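To start, the structure itself, in structure tokens.
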Amino acid sequence: MKAVCRWACAAVVAISSVTALEAQQPAAAPAPDPQAAPAKPADQKPDPKAAQKPDQKPEQKPDEPQKYEETVVVSASRSEEKLINAPATMSVIGAQTIESSPTQNFAELLRAVPGVNITQVSARDINVTTRGATGTLATGQLALLDGRSLYQDFFGFVMWDFLPVNLNEIKQVEVIRGPASAVWGANALNGVVNVITKSPREMQGTSAVMGVGGFARESGLAGQPSGAGTLFYISGTHAQAVNDRVAFKISAGGYTQDPYSRPTGTIPCDRAEVCTVARNPYPNFTNQGTTQPKFDGRVDYDYPDGRKLSFSGGVAGTDGIMHTGIGPFDINSGSVMGYGKASFTKNAFKASFFTNILSGDATNLLTVDAATGQAVGFNFGTKTFDFEASNVQTFQARHAVTYGGNLRYNTFNLSLAPLAENRLEGGGYIQDEMFLTNMFRLVAGARLDRFDYLDSFVFSPRAALMIKPSENQTFRVSYNRAYRSPSVINNFLDVTIAEPLNLSAFAGLNPALATTPYPLPVASVGNQDLQETSVDAYELGYSGVVAKGRAIISAAFYVNKTHDDILFTELTDQRYSAANPPPNWVSFTHLPPALINLIPGGTLPSTFTYLNFGETTQKGFELGVN
């Protein structure tokens, strides 16, 4: 859908009010942030005669912009370090950029990041991929909210509308522009987007925002209805420090948008060799808009010795179209994802537990179930339980070692994959940042994961040599390996759909074929023998802070070699011949199977499944300036 979201007109009304809340008790020193800097010598040139100091966040006046030389990130190594010292190519979207953004769409914030490709094919269906082409169901991009995975294991993609926080709650968005499984594990195949929120103490006060806008719904194709679409959003946030120990915040919001228009009439065709006399019309279904309510809350407790406990939870709902390989599904109103999270921080040690609970249902707008003749329905329910811990230790003022691991358990209740029940997976990682000299640093690490649905362990190494001619310049040569695990649908999909086939040429055999499309049954099944998709990534990069810290420039040349990509394809292997034709073929009596199977060049009907395919190589060059 090309240029569907071309903004032709916009009217945005924003109403915001902030009320400062004064502490009821005498002023106390600010409590440490949950992303507190670990004892790591990442931002100081190592001195063999003295121990290194940890990263320090410089004091910043409220009206003074954050400088890139001071920007601290946590996603590249899962511990705090300056952006200029990260062992991977990264981009950071800061609070000031977020506050000035005209959109309430998280994915829209990423459009300006070099190498990030985004498609939006409905009012709610957004897909993000780093350093790769993006289609529907982007399966290789890991998304996180304060380190909590938003990746939906059942379909292997990210539903961005299930982010439960408002934009004014976000401190920064960190984007790793390349594979990152060495510390983040499964599904960081293309990159990582980590949305980091402000603590309650960082955003004390009350705020409210309301906006309304419009967009053109004309794609330029003949016969398509035109007109304006509208969107509306509202949000409110309240944060307060009750005393020097307890602080909390609550937020709520809603977003609604009209559907995009769809072309009507005959599908254009500019290739004579594939155009037929009777061209196919666009499928007849009505686009849907989206409504997305959300609520979130968080409570922090700060101990006198610097330890911190944090509890958070929230819920987000959605409806609208989700595009898949078997056609678009209309997610019904009432589909929600809730979460709960508890975390503990003591110096550089962090431990957390979270659960994601998803429940919803959807109806396919094109595909008919071959057995019932009704639209394919999809009821989905998942529960995720994840525990993880990490720590950072320094040795001899030349080594900063980060290590940790996680254990994850998922349960599934999926109508399209009735045999899927649960999954258990876990892994651990270790990384050593070595300060060789004042100019040279070496980062080496690896992660080992084990899944109960894969035959063997998955190994993800990383190595990066960083050359720093000055404190604010870094040249980087790196290698790392990342992977994506098969989704539940990849393994256990089980549905037979009726594909309408125009067989009017055979009307002499059966008069019904002259006016009624033949419902060709096509079986779609999962493959439990799939292996993970992996990528070997090589990169030569540069980052430099210029203009007195107000700009950062980056350049990167990369080569990604992908192995065992998981693709949906027709089964032709003789080992699966028993699956062709599908079992319910005999219930369709317009034409006998013997006649259909005489068609040269193939056997109908057929079975489709997921298979691993070979190797592809992608090369790219990025330039960026913020």
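Values in this text are rule-based calculations from the coordinates and carry no lab data. Predicted, not measured: the structure shown is a model, and the values here were computed from it. When we count neighbours, we look across all protein chains shown, and the Cβ atoms used for this are built from the backbone with ideal geometry, even at glycine.
Given Cα positions, please report Rg to Rh for segment 425-468, the hydrodynamic radius being the Kirkwood one. Numbers along the way, then the final one.
On the way: Rg = 14.4 Å, Rh = 11.9 Å.
For segment 425-468, the value is 1.21.
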Determine the principal axes of the Cα atoms in segment 396-494, then give the extent along each, sorted from largest to smallest and rounded to whole angstroms.
58, 25, 22
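What percentage of all Cα-Cα pairs in segment 409-568 are separated by more than 25 Å? Don't skip to the end; give the middle numbers.
Details: 7439 of 12720 pairs.
Cα-Cα pairs in segment 409-568 separated by more than 25 Å: 58 percent.
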Sorted largest first, extent of segment 402-441 alpha carbons per principal axis (Å):
58, 17, 9
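Taking the Cβ-Cβ separation of Asn422 and Ile250 as r and a Förster radius of 25 Å, what is the calculated FRET efficiency to the nearest 0.05? Mind showing how you got there, number by number?
On the way: r = 33 Å, r/R0 = 1.33.
Computed FRET efficiency for Asn422 and Ile250: 0.15.
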Can you give the log10 of the normalised intensity I(q)/I(0) at q = 0.13 Å⁻¹, computed with Debye over equal Cα scatterers of segment 129-260?
-0.77
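If I take R0 = 51 Å and measure r between the Cβ atoms of Asp529 and Ser100 in this structure, what FRET efficiency does the formula 1/(1 + (r/R0)^6) give, to the nearest 0.05? Mind showing how you got there, number by number?
Working: r = 50 Å, r/R0 = 0.98.
After rounding, the FRET efficiency stands at 0.55.
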Here are some pairs, Lys468/Lys619; Lys171/Lys619; Lys67/Lys198; Lys249/Lys341; which of them have Cα atoms lying more than 21 Å apart in this structure?
Lys468/Lys619; Lys171/Lys619
Evaluate the Debye formula for segment 172-215 with equal point scatterers sitting on the alpha carbons, no solvent, and hand back log10 of I(q)/I(0) at q = 0.30 Å⁻¹, in q order, two decimals.
-1.06
How big, on average over all directions, is the shadow cast by the Cα convex hull of segment 86-171, in nm²?
6.1
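Per Stokes-Einstein, at 37 °C and 0.692 mPa s, what whole-number D in µm² s⁻¹ belongs to segment 328-456, with the Kirkwood radius over Cα pairs as the hydrodynamic radius? Intermediate values should be presented prior to the final figure.
Working: Rh = 18.4 Å.
Result for D is 178 µm²/s.
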Quick calc: nm separation of the 7 Å Cα→Cβ label points for Asp305 and Ala371 -> 6.0
May I ask you to list the residues of segment 421-440 whose amide nitrogen lies under 17 Å from a point 7 Å from Cα along the Cα→beta-carbon direction of Leu448?
425-432
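Stretch Val242-Lys619 to full length: gain in nm at 0.36 nm per residue minus the Cα-Cα span? If you can, show how the numbers build up before the last one.
Values: separation 377, 0.36 × 377 = 135.72 nm, distance 5.31 nm.
Result: 130.4 nm gained on full extension.
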So between Phe387 and Lys346, what do we pick up on full extension, going 0.36 nm a residue minus the alpha carbon distance?
13.1 nm
Could you give each residue of segment 616-626 its phi-based ³J(HN,Hα) in whole Hz, using Karplus coefficients 6.51, -1.76, 1.60 with θ = phi - 60°, and x for Gly or Pro?
10, 10, 10, 10, x, 9, 10, 10, x, 9, 10
Phi-derived 3J(HN,Hα) across segment 113-121 with the Karplus relation (6.51, -1.76, 1.60, θ = phi - 60°), rounded Hz, x for Gly and Pro, is 6, x, x, 9, 10, 10, 10, 10, 10
Calculate the FRET efficiency for Gln396 and Tyr542 from the Cβ-Cβ distance with a Förster distance of 45 Å, rounded to the nearest 0.05.
0.95
